[in-house]
Amino acid sequence: MSKYRRLKGFWLSITLAFIIFFVIQFLITSGQLNPFYVNMILLISINIILAVSLHLIIGITGQFSIGHAGFLAVGAYASAIITMKLGLPFWLAIVTGGIAAALSGLIIGIPTLRLRGDYLAIATLGFGEIVRIILLNVDYVGGASGMQVSHMATWPWVFFSMLLTILAIRNFTLSRHGRACLSVREDEIAADAMGINTTYYKVAAFIIGAFFAGVAGSLYAHNFYIIQPSNFGFLKSIDILIYVVLGGLGSLSGSIIAALLLTIVSTFLQDYPETRMIIYSLVLIIMMIYRPQGLMGTKELTALFKKNAPIKEDAQDGNKHTIA
């Protein structure tokens, strides 16, 4: 019964996603959405990809990483080279950006993921800064002045990339590999004692998260016409981290909701950068005081609709139960 209900919820979510896609596509093609709102929708989708990819590393596997902007930069520049320097198709640029970021995740993951807590955070922060400094000094990609990129990130490309990212992370989390990652998050020593290769699963989660961050980087680069190393600094990693923490560590839908809300707020306050940072700070302070587990905690949005399901099943069996 639970499997049927889960399958039903899955197809209902897919149907709702496609309805949203066609509605927005109609509004764009009919000219009812001006470029400002179209750009905001694309940016929301890209930030959702980033939030969901970091959710796998921090929320599911419990590895505190603050170098996600480094993977975003690797994906952005790798895809820009594919389209602008080599003249290859955009779909290949997206795949290449993801693979380049995944390889970066493997290179940084193997030596550093034996670290834990603050030490891992410092190591991943160093990786992000190394990537930024390298890009700053490479003339082939424009150096400090940046690299011009053609606008190729349309709504269908961004939507289906976002949908595939969410489905991939969701299915991975529900698999036995995802349960192994959850065991690492809950108690790494106990997981290791039970025969789980903790280093393997931490590196695997890091590579998968980096791959989708690279995909987001490809879309990001081909949406803003120009990319510069300054776009991928420490504060960008903090922005992505805020999405995951605010939504709730361990909640996929929480990360999506937080990315949606904060991107809207940030977009409308882009003319007032100081006000935006004040609002960010106040939201985080209030959240940590009154709801430190985040908006959704470790629960998913679908759990809100299943609250009374066990009671209904007992009623159908004819059993009478009382709730204390």
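Quick check on packing: order 218-226, 169-177, 32-40 by the mean number of other C-beta atoms within 10 Å, highest mean leading.
Working: 218-226: 23.3, 169-177: 15.0, 32-40: 12.7.
Ranking the peptides 218-226, 169-177, 32-40 by packing returns 218-226, 169-177, 32-40.
Take the alpha-carbon centre of region 213-245, take the same for region 273-291, and report the distance between them in whole Å.
Using only Cα atoms, the two centres lie 21 Å from each other.
With θ set to phi - 60°, apply the Karplus curve 6.51 cos²θ - 1.76 cosθ + 1.60 along region 14-20 and write out the HN-Hα couplings as whole Hz, x wherever there is a Gly or Pro.
5, 4, 4, 4, 5, 4, 4
Relative contact order for the chain: what percent, with Cα pairs under 8 Å and sequence separation of 6 or more?
After rounding, I find 29 percent.
Is the shape of region 1-105 best called rounded, prolate or oblate, per the rule: a/c under 1.5 gives rounded, else a/b larger than b/c gives prolate, else oblate, with a ≥ b ≥ c the square roots of the Cα gyration tensor eigenvalues?
On the way: a/c = 1.97, a/b = 1.12, b/c = 1.76.
Taking the square roots of the gyration eigenvalues as a ≥ b ≥ c, region 1-105 is oblate.
Apply the Karplus parameterisation 6.51 cos²θ - 1.76 cosθ + 1.60, with θ equal to phi minus 60°, to every residue of region 296-301 and state each ³J(HN,Hα) to the nearest whole Hz, in sequence, with x for glycine and proline.
Per residue, the Karplus-derived 3J(HN,Hα) values read 10, x, 9, 8, 9, 4 Hz.
Please say if region 28-323 is rounded, prolate or oblate, where rounded means a/c under 1.5 for a ≥ b ≥ c the square roots of the C-alpha gyration tensor eigenvalues, and otherwise the choice is prolate for a/b larger than b/c and oblate otherwise?
It comes out prolate by the Cα gyration axes.
Order these peptides, 276-286, 62-72, by their mean beta-carbon neighbour count within 10 angstrom, highest first.
Numbers: 276-286: 13.1, 62-72: 27.8.
The most tightly packed comes first, giving 62-72, 276-286.
Within the accessible area of the chain, what % is carbon and sulfur when the probe is 1.4 Å and the other protein chains stay in place?
67 percent
Would you tally the net charge around residue 266, using a Cβ to Cβ cut-off of less than 15 Å, leaving residue 266 out, and scoring K and R as +1, D and E as -1?
-1
Pairing the Cα long axis of helix 176-186 with the longest principal axis of the chain, what angle in degrees results, from 0 to 90 and rounded to the nearest 10?
90 degrees
Accessible area per residue, 1.4 Å probe, Å², for region 1-152: what's the number? Walk me through the intermediate numbers first.
Working: 7460 Å² over 152 residues.
Ligands and nucleic acids excluded, the result is 49 Å² per residue.
Is region 130-271 rounded, prolate or oblate when judged by the Cα gyration tensor, a ≥ b ≥ c being the square roots of its eigenvalues, rounded requiring a/c under 1.5 and prolate requiring a/b larger than b/c?
prolate
Compare the peptides 255-263, 231-239, 194-202 by average per-residue count of other Cβ atoms within 10 angstrom and give them in order, highest first.
255-263, 231-239, 194-202
The values are calculated or read from the model by the stated rules, or taken from the named source; none is laboratory data. Predicted, not measured: the structure shown is a model, and the values here were computed from it. Ideal geometry is used to build each Cβ from the backbone, glycine not excepted, and the neighbour counts take in all protein chains shown. Areas reflect the complete protein model, heavy atoms only, side chains present, ligands, DNA and RNA absent. Shrake-Rupley method; radii C 1.70, N 1.55, O 1.52, S 1.80 Å.
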